[in-house]
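Asker: Below: one structure in structure tokens.
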């Protein structure tokens, strides 16, 4: 059944001069949808044309409405030669297809050209009339809502969580078609942009169909990725969690977060996908079995019980097993039928099966916080998937039994820390203790997860960002040899990253990691691993032991001395960190309960409390003990570990950072919010570097980047960097060298894009700096409110000016944040998903300020275009924003560079919560549970 | 290992006012880093020189990208590329258009042409303002000049609206435009002691009293040019010095009024005729463009300013003396029966009096 798409071109402004003779432009506009094109009249001799066109009407299938973008091209009319294109605007009309989202798209859009960047703006109005569709066999899925947010969106309630949806489409990459040899770079870029836009439309439609089939009405945690495989094609794939969402009546929002009581327990496990043999724990306690049976019946129908959510409705999460991950190395040139999705589907199927079996091994029937990624280098492609094995409450997956929220879950308040697997048949060695919260059930000593810290979790002290960085060299190789070399290295890298994380965690005296994200990227002659997570001290888990250093052969005196100074430094750091993160766990409990705690644990606890007093005796006490975390420094790896442990620079005062949505242990947020993106690329000059050398460099790079951020944001202290998202890439020794020179002795380009999309929040502390905090706090709030006032003084002045200046409506301020919420505000409406892909190319790199200048303006342009689209939908913010892809290629010799950026997020309307109390509800509950926990102990 | 690329972009554009000033002042990145390091930012935040350098580069890039917008400040408010809070926008514009007093003194009254721009390196060497900054300031003058040249209505208001400047700065620009348009000579040695603000004040007086717009600001023409008719009328004032009776009468009226009120009375009496001749001659010659250019030199040379500033004279007129003298000089003319040009006289002397009083200092 068709729908009617209507578009109207109102005006343009700030157009570039296209006619050098008159310094003016004769602009007209082409509006294209599908195969239909309309044109406006030429508006002669103006840089601010007023077309005020009629309504252009397109009658199209709703299938096309979902797939195709509206394409608006602004051109300069030329009587004698071909018309010159000024630029284009692609408008995704998907938000208009859902009844609840936006009804009209209207506003100024930057006119974008892939060679020149933004060239003026155009004012466009777009509407859609949809006719009701009752056809059961339809191919469209209009009305299914998509959210990038990895939690249940704020103004909805999850009636039902259906589960995992995935889809993958493949197409030939226009850049690699034969025609690319003869067409202009602009045409090639535009073909690519258009294709990806089409493909993601198609992908969304297909996923929507699956959701409808499952009976859902929305996709939450929608994660779409591009794989630029090169010769073998271009893959767009997406995963998400299908849900049935009910719209909440405003006012009930608060309850949602209050009645939460599930806590998390995890164990430390990284199951690397490279064939680590794991036995499945079959036996389980009677209660557990019951729960599992219920859940299994609900989940069994699903092929993959995966959830892309990282934040859950109350009562949803029961237990957590630990991180599961799988990686697999594939050769792209071995795909038999590159244009068909089958091969890739099979690859992913394989990996998902592996994840599923890992989860089973942990006694869990579901995986939460699930995500997938790829890294491609030439013909080698690593597919990775990771998530957190968990036990879920089955009620959410069956229909009609959802109403009672989490009320009965309150009972499990003390039981939440159970391990989901069986104590005597553990899938991996771990030390179990009785829960420090309820004293009845077993908990592991450390836990790693990929999800966000649940709001209700009892936390001691504050959290912090923990990163493990690793660099491994690899021989240059081709094809299968290369793939084998990489697969052989992967398990070791995973293991080392894990060890590093563990060490750093202990050094900070913490016992749990949230939001763990491990990224491994391949270069021609090296592998890079970067693991980021937020460390916290969970009150329910045992206190971590210290780190002991031991030399294998304590032969001579100076060596011993060396060890003891190292040990002293480590111990000092631990003590310092305890203070820094305000970790003062209650210590008296042990003696009271006594009996159920194995001796081992008690001694460890004792030790960890005495650490600060006496290092020497400490060394003796713990030496050789099984449970102590011993680093033997005869081992070169360990030396490296210690080095990296101690070289982590402390954060400057007033700064906090984490990679999760909220900072554990900090509860007072202001609405001053700043999102930024930073990209760095380094070139390694020295071709023959050792592993250690590389590691050192890599660590320094990351540290420097963080330092830079702290410095830049120093005026915003106290401030917290949230959702700090690092991405690393080792661009192939691409194009530049390989094409033109022989690759002999070329310097390896370790180009690292620690692209951190991060988010900075002002916060106020209740304890320290009371006097200061108010002032530093007021200022940004004032700033923000000024930003929001629609008609500032300056602008009104310009409106009055005598010359007819191109002044339209004032620019709406659009906030962008990778968080799923905006502190101190309430999201009243979700307007639809933003998913944009841009290519920018230049042939005058030097003139544009070199690579930095080029990328700087491109990122600024991307931000501007995202803001413009959100504003046109009527929104004032983007939440869950992320820059998924940022591929940068340069060829300085030819003065050329190209960059691809993919961004996504949810457009929303928010209102300031000025009358409500200053603390977001979600965090309040966390706080109360903390105090509650203290009360019970 | 070297940094190939280093970029930091915020959704709300982050700017450091201190670095902005360095950029405006034409410091290179290296110089700015050096100054910042000496400024002690490093100790504050435990940052390294590398960090500081990267930050400075980022900021410089941002400013360079904004510069295009700053050329037409109205665009800054409705452009989409940078999200800048309004108070920041105002700061950016105001600072961008702010100029150095020493620099403007060098180009004031000169034609804003390519030739003048070529000589900016000399100006730079002389004033100590970096060449880059000189160019920026010069281009600003030129840009403002070009825009308001074609506009109707009051000069100051036009500048304020088009460049979104503060009232004070708009007035200064009006003065610069006015001086450039009329090509007033300000570079002569005798005028060196005068600051830009002295000239700006005089320009303000001239603009609001002697131009076409002064009478009716909705009039077709603009108030960059002096009113022709008025200049023509000024010739009539010559009667005050050519008619012997009138001159004597005028003198005695002034002397009667001044007697006993000031120590400098004797000087005043002795110089009356010279001074009156000087003043009226300036008025009579203003129809010539060349003499308009020399207006300020003439004021200094031929009237009070120079003789009265001679330091060796013990009986130097104070500013108060000067005010007293000029007041009576102006008012007495009204009592002269045969003097018919009262309106023109007032319009002329009003401006002359305030200009002289402003210029009457060391």
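The values are calculated or read from the model by the stated rules, or taken from the named source; none is laboratory data. Just so we're clear, the structure is a prediction, and the values are computed from it rather than from any experiment. Counting neighbours? That spans all protein chains shown, and the Cβs are built from the backbone with ideal geometry, glycine included.
Asker: Exactly one condition in (1) touching a residue at least 24 places away in the same chain (Cβ under 8 Å); (2) assigned to a loop (DSSP other than H, G, I, E, B); (3) within 14 Å of chain B (Cβ to nearest Cβ) is false for residue A:844; which is it?
Answerer: (3)
Asker: Please work out which one of (1) more than 27 Å from residue A:307 (Cα to Cα); (2) not in a helix (DSSP H, G or I) is the condition residue A:503 fails and give its number.
Answerer: Against the list (1) more than 27 Å from residue A:307 (Cα to Cα); (2) not in a helix (DSSP H, G or I), residue A:503 comes up short only on (2).
Asker: For the structure I just gave you, tell me whether residue A:450 is modelled with pLDDT under 85 and either buried (at least 24 other Cβ atoms within 10 Å of the Cβ) or assigned to a strand (DSSP E or B) (or both).
Answerer: no
Asker: With respect to the numbered conditions (1) more than 23 Å from residue B:337 (Cα to Cα); (2) touching a helix residue (DSSP H, G or I) at 6+ places or on another chain (Cβ under 6 Å), which one is the sole condition not fulfilled by residue B:290?
Answerer: Residue B:290 satisfies every listed condition except (2).
Asker: Check A:873, A:855 and return the single one that is more than 13 Å from chain B (Cβ to nearest Cβ) and buried (at least 20 other Cβ atoms within 10 Å of the Cβ).
Answerer: Result: A:873 is the single residue among A:873, A:855 that is more than 13 Å from chain B (Cβ to nearest Cβ) and buried (at least 20 other Cβ atoms within 10 Å of the Cβ).
Asker: Can you find even one residue in region A:564-571 that is free of Cβ contacts under 8 Å to residues at least 12 places away in the same chain and more than 28 Å from the chain's Cα centre (by Cα)?
Answerer: yes
Asker: What is the residue count in region B:334-351 for residues that are more than 16 Å from residue B:235 (Cβ to Cβ) and either touching a strand residue (DSSP E or B) at 6+ places or on another chain (Cβ under 8 Å) or assigned to a helix (DSSP H, G or I) (or both)?
Answerer: Number of matching residues: 5.
Asker: Taking residue B:31 as the residue in question, decide whether it is in contact with a strand residue (DSSP E or B) (Cβ under 6 Å, 6 or more places away or on another chain) and either modelled with pLDDT under 90 or in a helix (DSSP H, G or I) (or both).
Answerer: It is false that residue B:31 is in contact with a strand residue (DSSP E or B) (Cβ under 6 Å, 6 or more places away or on another chain) and either modelled with pLDDT under 90 or in a helix (DSSP H, G or I) (or both).
Asker: Quick check on this structure: which one of B:117, B:132 is in a helix (DSSP H, G or I), surrounded by fewer than 19 Cβ atoms within 10 Å (Cβ to Cβ) and either modelled with pLDDT under 90 or touching a helix residue (DSSP H, G or I) at 6+ places or on another chain (Cβ under 6 Å) (or both)?
Answerer: Selected residue: B:117, the only one of B:117, B:132 that is in a helix (DSSP H, G or I), surrounded by fewer than 19 Cβ atoms within 10 Å (Cβ to Cβ) and either modelled with pLDDT under 90 or touching a helix residue (DSSP H, G or I) at 6+ places or on another chain (Cβ under 6 Å) (or both).
Asker: In region A:36-70, how many are within 27 Å of residue A:19 (Cα to Cα) and touching a helix residue (DSSP H, G or I) at 6+ places or on another chain (Cβ under 7 Å)?
Answerer: 0
Asker: Output yes when any residue across region B:5-15 is modelled with pLDDT under 85, in a loop (DSSP other than H, G, I, E, B) and farther than 27 Å from residue B:81 by Cα, and no when none is.
Answerer: No, because not a single residue in region B:5-15 is modelled with pLDDT under 85, in a loop (DSSP other than H, G, I, E, B) and farther than 27 Å from residue B:81 by Cα.
Asker: On to the next question. Consider residue B:28 against the criteria (1) without any contact (Cβ under 8 Å) to a residue 24 or more places away in the chain; (2) more than 8 Å from chain A (Cβ to nearest Cβ); (3) farther than 19 Å from residue A:856 by Cβ; (4) surrounded by fewer than 18 Cβ atoms within 10 Å (Cβ to Cβ): it satisfies all of them except one. Which criterion is unmet?
Answerer: The one condition residue B:28 does not meet is (3).
Asker: Just for region A:883-937: of the residues that are assigned to a helix (DSSP H, G or I) and closer than 30 Å to residue A:864 by Cα, which one is modelled with the highest pLDDT?
Answerer: Within region A:883-937, the match that is modelled with the highest pLDDT is A:894.
Asker: Could we say that residue A:517 is surrounded by fewer than 24 Cβ atoms within 10 Å (Cβ to Cβ) and either modelled with pLDDT of 85 or more or in contact with a helix residue (DSSP H, G or I) (Cβ under 8 Å, 6 or more places away or on another chain) (or both) here?
Answerer: The answer is yes for residue A:517.
Asker: Out of (1) in a loop (DSSP other than H, G, I, E, B); (2) under 16 Å from residue A:126 (Cα atoms); (3) under 37 Å from the mean Cα position of the chain (by Cα); (4) at pLDDT 85 or above, the odd one out for residue A:53 is which?
Answerer: Of everything listed in (1) in a loop (DSSP other than H, G, I, E, B); (2) under 16 Å from residue A:126 (Cα atoms); (3) under 37 Å from the mean Cα position of the chain (by Cα); (4) at pLDDT 85 or above, residue A:53 misses just condition (3).
Asker: What is the residue count in region A:821-841 for residues that are within 14 Å of chain B (Cβ to nearest Cβ) and closer than 21 Å to residue A:911 by Cβ?
Answerer: Counting residues in region A:821-841 that are within 14 Å of chain B (Cβ to nearest Cβ) and closer than 21 Å to residue A:911 by Cβ gives 2.
Asker: Continuing with the same structure: Determine if region B:168-184 includes at least one residue that is loosely packed, with under 15 Cβ neighbours inside 10 Å, more than 19 Å from the chain's Cα centre (by Cα), assigned to a loop (DSSP other than H, G, I, E, B) and at pLDDT below 90.
Answerer: Checked region B:168-184: no residue is loosely packed, with under 15 Cβ neighbours inside 10 Å, more than 19 Å from the chain's Cα centre (by Cα), assigned to a loop (DSSP other than H, G, I, E, B) and at pLDDT below 90.
Asker: Just checking: which of the helices (runs of 4 or more DSSP H) contained wholly in region B:41-109 hold 1 or more residues that are in contact (Cβ under 8 Å) with a residue 24 or more places away in the chain and either under 22 Å from the mean Cα position of the chain (by Cα) or within 7 Å of chain A (Cβ to nearest Cβ) (or both)?
Answerer: In region B:41-109, the matching helices (runs of 4 or more DSSP H) lie at B:49-70, B:73-78, B:86-97, B:101-107.
Asker: Being modelled with pLDDT under 90, assigned to a helix (DSSP H, G or I) and surrounded by fewer than 19 Cβ atoms within 10 Å (Cβ to Cβ) is true for just one of B:236, B:220. Which residue is that?
Answerer: B:236
Asker: Would you tally the residues in region A:159-193 being farther than 30 Å from residue A:244 by Cα and in a strand (DSSP E or B)?
Answerer: Residues flagged as farther than 30 Å from residue A:244 by Cα and in a strand (DSSP E or B) within region A:159-193 amount to 1.
Asker: In region A:56-92, what residues are free of Cβ contacts under 8 Å to residues at least 60 places away in the same chain and in a strand (DSSP E or B)?
Answerer: Matches in region A:56-92: A:56, A:57, A:58, A:59, A:60, A:73, A:75, A:76, A:87, A:89.
Asker: I'd like to check which strands (runs of 3 or more DSSP E) are fully inside region A:614-704 and have at least 3 residues that are within 24 Å of the chain's Cα centre (by Cα), modelled with pLDDT of 75 or more and buried (at least 22 other Cβ atoms within 10 Å of the Cβ).
Answerer: A:669-683
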